[in-house]
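Read the structure below first, then the notes.
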Amino acid sequence: MAAKIIKYKKSIVIAFMILTLISIFASFTVSVNYNMVDYLPEDAPSTEAMDVMEQEFEGSVANTRVMIQDVTVQEALVMKEKLAAIDGVSDVTWLDDAIDIKTPIEMADQDTVETYYKNDNALFTFSIREGDEVPITDDIYELIGDDNAMSGDALDTANSQKMAGSESLNAAALLVPIIIIILVLSTTSWAEPIFFLTAIGVSVLINMGTNFFLGEVSFVTQSVAPILQLAVSLDYAIFLLHSFQDYRKQEEYPHVAMRRAMKRSFPAIAASASTTFFGFIALTFMNFEIGSDLGLNLVKGIVLSFISVMIFLPALTLLLYKWIDKTQHKQFIPSFRNVGSKVAKLRIPSLVIVFLLIVPAFLGQGQTNFIYGVGEQPENTRAGSDAIKIEENFGKFTPMVLLVPKGDVAKEEELVQQLENLDHVSSVLAYVNAVSAAIPSEYIDESVTEQFYSENYSRIIVNTNTKNEGEEAFGLIESTQDTVETYYDDFYLLGESVTLYDMKNVVQKDNTVVNLLTVITIAIVLLVTFKSISFPVVLLLTIQSAVWINLSIPYFTGTSLVYVGYLIVSTVQLAATVDYGILLTEAFKENRKEMSALNAMKKTVDEKLFSILISASILSSVGFILSWTSSNPIVSSIGLLLGRGALLAFLMVVLFLPAMLLVFDKVIEKTTWKANYSKEK
């Protein structure tokens, strides 16, 4: 195969370039989905509830709030009409929907009044059409001006869409120069980094183009997958070109050196790609489909990177290797000599420290306070400051919609009274209290009744003063469900907080499945690679300890963690950084055949520390840049966890793994097939 690649090198390079150009154009046709609700499984209660409501009612759940300051009741009614007139805005609700404002509002229930009108400030709630959040929120801002405020889930979606493109460019603008600097420092040619980035860059662009066949991707995938693919697969290109450069010193002809390099580096690249591939495969088993969306893209990416490095990069290098020769420079970073002996001396302290940390880290990462949505907007943005203004005047607000079987008005009235008595329920809006239980719906104008009644269901709007998630919000959902169950067997509950409640239940189940699959599949790959029972245990303990320490830090620092980020990184960090351990362990295993365990470890660390440092610094840079440049809390949290995780994995592989290999050397020898260890002491 290597001979054929070398023979048809020009055709291969041209074919890859054509495919890349096609992929670039195809990637522009792929739509990006910013709505996390769409990724809940179809059998989730809130998903089923949404389907029923869409069939039965024209209106939808309120997802936006607007506060107009210093207005009279009449001025507020005029503003309500103007908001309702904006294309894409529906179901605008205000005080006149809750009470009869023809009578003095002083005579009405003050709790109900102050839900909508307080200190001459009017608060409107309404729904914005899904898919058009950006233009509709822009129209609303134009109407209300700078002095008034808007907040809500639809606005968060609009802001995410606006920022996604510019933030991806900002991340790339920071990341590419940093990676080039790292690669220049790690090579002896100015041109080599260009070859690395071209090989992986081509595979990234082709991967993005193949999303054309999927139709759409999630905003998490769009923001994270290309950069993550670049970071975790750049090693493949480095392995191959470094082998090629080594054989150039031995072989007269470049094509012979390349053929030997391909043969030598194939097992290491295949093992590295396999662990990452199977780790990402585990994400595709998530019921919460953002995980499977990202997992599928990363799996495609790893396969395409592997193909690009093993086929495109050799062909490209043989066509342009003279560039590498003409752009040689001296080694900028001196070799790491005598580091191995220092690492060996630290083996006992390293073991003691890590074993003391493992148990609290494992327990801590399971006790972290999680956020299941996108979290709150930063205060320095208009959306963040507007949200604070509205909360200061009207408090928290999260509406829920309850659908119960239509027909029994007395039962409905009793239920509404019970719901009004629940903690954190600010008001309840239903036909029985907005119109009257005593007036048959046949005598009321259809425009009024259709807000509350469909052919089969009665709709009740429950306004709450909790956040959209957290103990209070989720506790209220459970209390509401328990209350309704005493009256009806068949009912539906929906709203942003209900969706997040379902999301919590879905992803917590995913956590066990995904982590178990990741560990099992990577263990099998390691078992086959090393033909040993003990090597996989040592490697997995090393990287899994780094994962636990990383994910426990938010608990010990008292900060909340976006759960989607936690779930993805717990898999990605293990899959991506186990390569460092494979590189060191493979080299140690070979050196151990010729010398004692201590000497083998000293030599291994001295030889491989530089390569591991380069890989870790690239992945860590990717993570921290994602964290710094993204305003989306999910993407930002993935970046922070990834950056910190790569550094922790580096430390564990350089300090803890050598200690484990030295201390358990005899056990490893006995549990490894044909270990052939040297008997030197």
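The values are calculated or read from the model by the stated rules, or taken from the named source; none is laboratory data. None of these values were measured; they are calculated from a predicted model. Glycine gets a Cβ as well: all are built from the backbone with ideal geometry, and neighbour counts include every protein chain shown.
Couple of notes before you dig in:
- Any hit, segment 62-78, residues being of a type in the set (S, T, N, Q), more than 30 Å from residue 491 (Cα to Cα) and assigned to a loop (DSSP other than H, G, I, E, B): yes
- Residue satisfying all of: in segment 334-367; farther than 14 Å from residue 652 by Cβ and among the polar types (S, T, N, Q); surrounded by the most Cβ atoms within 10 Å (Cβ to Cβ) among these: 365
- Verdict on residue 298 being over 30 Å from residue 545 (Cα atoms) and either without any contact (Cβ under 8 Å) to a residue 12 or more places away in the chain or out of contact with any Gly (no Cβ under 8 Å at 6 or more places or on another chain) (or both): no
- Residue pairs meeting the criteria (Cβ under 8 Å; at least 6 apart or on separate chains; first within 18 Å of residue 208 (Cβ to Cβ) and modelled with pLDDT under 75, in segment 159-170; second in a helix (DSSP H, G or I) and hydroxyl-bearing (Ser, Thr, Tyr)): 164/223; 167/223; 167/629; 168/223
- Hits in segment 82-104 (condition: under 16 Å from residue 72 (Cβ atoms), within 40 Å of the chain's Cα centre (by Cα) and not in a loop (DSSP other than H, G, I, E, B)): 82, 95
- Summed over segment 234-287, the residues that are closer than 20 Å to residue 616 by Cβ and among the aliphatic types (A, V, I, L, M) give a count of 9.
- Segment 176-199, residues that are assigned to a helix (DSSP H, G or I) and either modelled with pLDDT under 80 or among the β-branched types (Val, Ile, Thr) (or both): 176, 178, 179, 180, 181, 182, 184, 186, 194, 198
- Taking the numbered list (1) touching an Asp or Glu at 6+ places or on another chain (Cβ under 8 Å); (2) surrounded by 24 or more Cβ atoms within 10 Å (Cβ to Cβ); (3) of a type in the set (Gly, Ala, Ser) in turn, residue 639 passes all entries but (1).
- Restricting 480, 466, 449 to those that are farther than 30 Å from residue 284 by Cα and surrounded by fewer than 21 Cβ atoms within 10 Å (Cβ to Cβ) reduces the list to 449.
- Test for residue 608: is it touching a Phe, Trp or Tyr at 6+ places or on another chain (Cβ under 9 Å), part of a helix (DSSP H, G or I), of a type outside the set (Asp, Glu) and at negative phi: yes
- Residue in segment 217-230 that is surrounded by 19 or more Cβ atoms within 10 Å (Cβ to Cβ) and of a type in the set (Phe, Trp, Tyr) present: yes
- Matching residues in segment 72-96 - criterion: being buried (at least 21 other Cβ atoms within 10 Å of the Cβ) and more than 14 Å from residue 123 (Cα to Cα): 89
- Residues in segment 34-71 that are surrounded by fewer than 20 Cβ atoms within 10 Å (Cβ to Cβ), of a type outside the set (Asp, Glu) and over 30 Å from residue 148 (Cβ atoms): 41, 45, 47, 52, 55.
- Flag if residue 361 is assigned to a helix (DSSP H, G or I), under 30 Å from residue 504 (Cα atoms), hydrophobic (A, V, I, L, M, F, W, C) and in contact with a helix residue (DSSP H, G or I) (Cβ under 9 Å, 6 or more places away or on another chain): yes
- Failed criterion for residue 21 (all others in (1) surrounded by fewer than 17 Cβ atoms within 10 Å (Cβ to Cβ); (2) farther than 25 Å from residue 108 by Cβ; (3) in contact (Cβ under 8 Å) with a residue 24 or more places away in the chain hold): (3)
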